[in-house]
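The values are calculated or read from the model by the stated rules, or taken from the named source; none is laboratory data. Computed from a predicted structure; not experimentally measured. Please note: Cβ atoms are built from the backbone with ideal geometry, for glycine as well, and neighbour counts cover all protein chains shown. For the accessible areas, the whole protein counts, side chains as well, though only heavy atoms, and no ligand, DNA or RNA atoms are used. Shrake-Rupley method; radii C 1.70, N 1.55, O 1.52, S 1.80 Å.
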Amino acid sequence: MAKTRFEMPGAGELARMTFPHVVRGALANGAQVWSIFNATLPVVTLALVVPVGSAHDPVGLPGLAGAMADLLDEGTDKTDAIGLAEAFADLGSELSVDVGPDVTTLTLTTLTRFMEPALALLSDVVTRPRLREDDLARVCEIRLNRLRQLRSSASAVADRAFLSAVFGPHSYGHGTLGTSAALGRLSIDDVRTFHAAAMRPQGSTLIVAGDAEPEAVLAAAERQLGGWLGVGEAALGPVLGPGEDATAVPVSQVLVVDRPGAPQTEVRVGHVGPRRHGADYHTLVTLDALLGGQFSSRINLNLRETRGLTYGARTSFDFRTQSGTFSCETNVQGDATPLVVSEILAEFEAVGGSRPAEEEELARAKSSLTRGYVRRFETSAHLAYAAAQLVTFDLPMETFDRYVPGVEAVTPGAVLTAARAHIRPLESTVVVVGDAAGWRAKLDVLDRPVVEQIVEF
């Protein structure tokens with residue numbers, strides 16, 4: 001019988017992903033060049049990935065990598081900040097500088113015919129920034145104002161408290177903004193020294209994705225970035241190493257940040273998690289989707305749909321090169337704080353113990369991950385971003401081709417094994433930010449030490 005317009009069409013076959021071929025080369029100075037040909041539009045996206053991020057900040061100067069990155073587009077030895085912005089605008093482009101825990105990435109998109117002028121500007125920004133003291137003062141003031149704003153955001157306070165508690169004094173334990181105290185100590189000499197150590201061709205990778213032949217890309221990169229040389233030996237702050245997953249506080253604590261008068265509570269529950277480069281990655285992302293990574297996941301259905309305590313709750317793995325976190329975050333009505341934390345911890349336990357994954361919910365989780373996966377690779381910018389992930393985490397070229405089959409192959413048994421290994425309720429740090437007067441005494445139900453916390457901004 002023919003379908004009527006009142007019947008929903010069935011889902012089609014899963015689209016299989018084939019990532020475009022990456023042509024790899026190298027400049028004489030050691031920088032790598034990756035070229036991905038995509039002739040859909042006459043544009044190219046350039047992404048320069050430098051293997052230095054906020055985790056390389058020196059001890060006592062959190063935020064240095066971010067401040068240095070902010071100064072890169074404040075002018076070069078050829079022009080000031082306004083002139084540099086206008087030069088990029090003349091190419092129909094805009095430079096984006098992103099500092100993560102492990103890498104700093106400079107990205108821009110322009111027409112193919114402007115590729116080499118764009119590379120020339122990128123070279124100036126990386127190798128010849130002016131790094132002036134007055135620019136640093138302005139950048140630091142902007143960052144200090146941002147920290148003042150974040151201090152008034154319960155969500156930002158909870159995020160910062162959680163990261164600090166989980167990683168403690170280790171280099172992953174702070175964000176790119178750093179702290180007001182560190183910014184107050186920062187000098188232009190600190191920035192210049194860090195720039196000389198960090199912005200080096202060795203270990204860096206230029207990715208060019210779009211309508212440009214690999215031979216032309218390599219030749220243009222050699223002309224514009226071939227003179228980029230490292231100065232001396234790199235001397236950077238240490239990054240958290242494998243096996244150094246120590247926490248700043250004893251496990252099972254509840255950290256309370258009191259905000260009198262707040263009608264709601266920000267909640268974070270989690271612990272140190274695995275690094276990205278793991279054999280069970282597909283199982284972990286499927287586990288996350290089932291537990292809290294999508295709207296129909298267990299934790300969201302429990303706290304939002306069944307109990308009506310929140311507009312939404314989600315879990316996530318924050319994968320990094322050496323380690324990471326697993327956490328659940330939500331915002332709830334204040335008087336429900338102890339109950340919500342109890343339910344989150346119970347769901348953590350259940351997925352690895354009393355209520356393992358069932359076939360039907362596992363199928364839903366897989367579908368949420370695979371059905372729209374190919375949309376992540378539609379444009380040159382998408383391709384450059386994906387390639388940057390390969391560079392950052394040192395992943396195999398076939399990583400994206402393996403994703404859909406890898407997720408489809410996940411079994412309930414594999415999810416149970418991963419949950420027992422990587423979801424650890426007894427080791428979870430709990431952070432609650434809100435008006436503690438209404439619920440602090442009730443936290444005793446959690447049977448964990450409760451500690452008042454002051455968060456540094």
_Selection from segment 59-104 of residues that are buried (at least 21 other Cβ atoms within 10 Å of the Cβ) and in a strand (DSSP E or B)_ = Gly75, Thr76, Val99, Thr104
*Considering only segment 110-160, state which residues are in contact with a helix residue (DSSP H, G or I) (Cβ under 7 Å, 6 or more places away or on another chain), hydrophobic (A, V, I, L, M, F, W, C) and outside any helix (DSSP H, G or I).*
Leu131
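Among the residues of segment 433-441, are any closer than 21 Å to Ala336 by Cα, among the charged types (D, E, K, R) and not in a helix (DSSP H, G or I)?
Here is the first cut: in segment 433-441, the residues closer than 21 Å to Ala336 by Cα are 433-441.
If we keep only those that are among the charged types (D, E, K, R) too, we end up with 435, 440.
Subsequent filtering for residues that are not in a helix (DSSP H, G or I) retains 435.
Scanning segment 433-441, I find at least one residue that is closer than 21 Å to Ala336 by Cα, among the charged types (D, E, K, R) and not in a helix (DSSP H, G or I), so the answer is yes.
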_Scope segment 375-404; condition more than 25 Å from Asp98 (Cα to Cα) and open to solvent by 60 Å² or more (accessible area, probe 1.4 Å); matching residues_ = Glu398, Arg402
*Enumeration of residues in segment 405-419 that are exposed (fewer than 14 other Cβ atoms within 10 Å of the Cβ) and β-branched (Val, Ile, Thr)*: Thr411
_Can you tell me which residue is farthest from Leu284 (Cα to Cα) among those in segment 397-417 that are under 22 Å from the mean Cα position of the chain (by Cα) and outside any helix (DSSP H, G or I)?_
Met397
*asked:* Any residue at all in segment 165-177 that's open to solvent by 30 Å² or more (accessible area, probe 1.4 Å), in a helix (DSSP H, G or I), polar (S, T, N, Q) and touching a residue at least 60 places away in the same chain (Cβ under 8 Å)?
replied: no
*Going through segment 40-56 one residue at a time, which ones are open to solvent by less than 10 Å² (accessible area, probe 1.4 Å) and either within 16 Å of Ala386 (Cα to Cα) or not hydrophobic (A, V, I, L, M, F, W, C) (or both)?*
Val44, Thr45, Leu46, Ala47, Leu48, Val49, Val50, Gly53, Ser54
*Among the residues of segment 348-360 satisfying the criterion of being out of contact with any helix residue (DSSP H, G or I) (no Cβ under 6 Å at 6 or more places or on another chain) and of a type outside the set (Ser, Thr, Tyr), which is surrounded by the most Cβ atoms within 10 Å (Cβ to Cβ)?*
Ala350
*Test Thr379 against the stated conditions and say whether it is of a type in the set (S, T, N, Q) and within 18 Å of Val285 (Cβ to Cβ).*
no
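Residues being buried (at least 17 other Cβ atoms within 10 Å of the Cβ) and either of a type in the set (Ser, Thr, Tyr) or touching a Ser or Thr at 6+ places or on another chain (Cβ under 7 Å) (or both): count how many of those fall in segment 420-432. Show your work before the answer.
At the first step, the residues of segment 420-432 found to be buried (at least 17 other Cβ atoms within 10 Å of the Cβ) are 422-425, 428-432.
Now restrict to residues that are either of a type in the set (Ser, Thr, Tyr) or touching a Ser or Thr at 6+ places or on another chain (Cβ under 7 Å) (or both): 428-429, 432.
Number of matching residues: 3.
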*Give segment 178-223 a look and list any residue that's among the acidic types (Asp, Glu) and either within 30 Å of Pro62 (Cβ to Cβ) or open to solvent by less than 30 Å² (accessible area, probe 1.4 Å) (or both), or say none.*
Asp189, Asp190
*May I ask you to list the residues in segment 353-401 that are in contact (Cβ under 8 Å) with a residue 60 or more places away in the chain and basic (Lys, Arg)?*
Arg364, Lys366, Arg371
*asked:* Give me the residue from segment 442-455 that is farther than 14 Å from Ala158 by Cβ, outside any strand (DSSP E or B) and touching a residue at least 60 places away in the same chain (Cβ under 8 Å) and, out of that set, least open to solvent (accessible area, probe 1.4 Å).
replied: Leu443
